[in-house]
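What follows is a short report on a single structure.
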Amino acid sequence: MKAEHVIEARDLTKVYRMGRNEVWALHGVNLEVKHGEMIAIMGASGSGKSTLMNILGCLDRPTSGSYLLDGIRVESLSRNELADVRNRKIGFVFQTYNLLARTSALDNVEIPLLYDRSGQHLATHRLAAEALARVGLADRAEHEPGELSGGQQQRVAIARALVTRPAIILADEPTGNLDTHTSIEVMALFQALNDEGVTLLIVTHEHDIARYARRIVELRDGRVVRDVAVEDRRDAVADARRITDEQPAGVS
């Protein structure tokens, strides 16, 4: 039976001990994410958003509180169990792409499938090719990262996140290294994937980028201070088209 929520976090706290001092990164954070949502996580530096994403991404454990990921209680799992759940349930997209140099786009996308021990993904080459096609890069399968633009590299990273068909994609500042037009094109891809039912959680410090999501969760000093639906949600396809139309003739 499919869980109602992809993420159900209750009273999450994270305390770092530095000698005799305690630094509270999270103070009782509650967060629910339903299947098919597209949420922007916002907050200034030191707000706790990176700590929260590390916990939600099964890269770290909370000091206290409970966390269900697609119906699986994960806060008490062993390191190997966490790695297995992380590989099966979560797709990651990073600001710096994290692609292997001198390795084709197809091989980069295929990597998560090679670590999958479930036996569910045997045709890894075909699945990687399908993921690349899904992000519009079927014709770039044999290109290495150095032969691709920043936007294309991020699309490869998104294909890699999609290839295991995870329960959720966690994107950490996915437009941070991109210019305005390319950022909007990436958000258009995220919106299209979300329209297909992909669940997305996007960390961003950019208010304009957050408005492409359906919901904004804002953190401050380790606490959720705002959790609202996005009014007047921006359409990334329309915004990209407008920027193209406004460019002077001869500029690409």
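Any read-out appearing in this document is the output of simple, stated calculations on the displayed coordinates, not a laboratory observation. These figures come from a predicted structure and were not determined experimentally. Virtual Cβ from ideal backbone geometry, glycine too; neighbours counted across all protein chains shown.
Counting Lys and Arg as +1 and Asp and Glu as -1, each charge on the Cβ, what is the dipole of the chain about the Cα centre in debye, to the nearest 20?
Numbers: 31 positive and 36 negative charges, 167 e Å.
That gives the chain a dipole magnitude of about 800 debye.
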### Task
Report the full-extension gain for the segment residue 102 to residue 225: residue separation times 0.36 nm, less the Cα-Cα distance, to one decimal in nm.
39.9 nm
### Message
Give the lysines reachable from residue 14 as a straight Cα distance under 24 Å; neighbours fewer than 8 places away on the same chain don't count.
### Response
34, 49, 89
### Task
With Cα Rg over 2.2 N^0.38 Å in mind, check [x] 1.03; [y] 0.96; [z] 1.09 and report the label derived from this structure.
[x]
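If you put +1 on each Lys and Arg Cβ and -1 on each Asp and Glu Cβ, how big is the dipole of the range 158-210 around its Cα centre, in Debye rounded to 20? Each step should come with its number before you reach the end.
Values: 2 positive and 8 negative charges, 63 e Å.
It comes to approximately 300 debye.
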### Query
Spin-label point model (7 Å from Cα, Cβ direction): what's the residue 73 to residue 3 distance in nm?
1.2
### Gain on full stretching of the segment that runs from residue 165 to residue 125 - 0.36 nm per residue minus C-alpha separation
12.9 nm
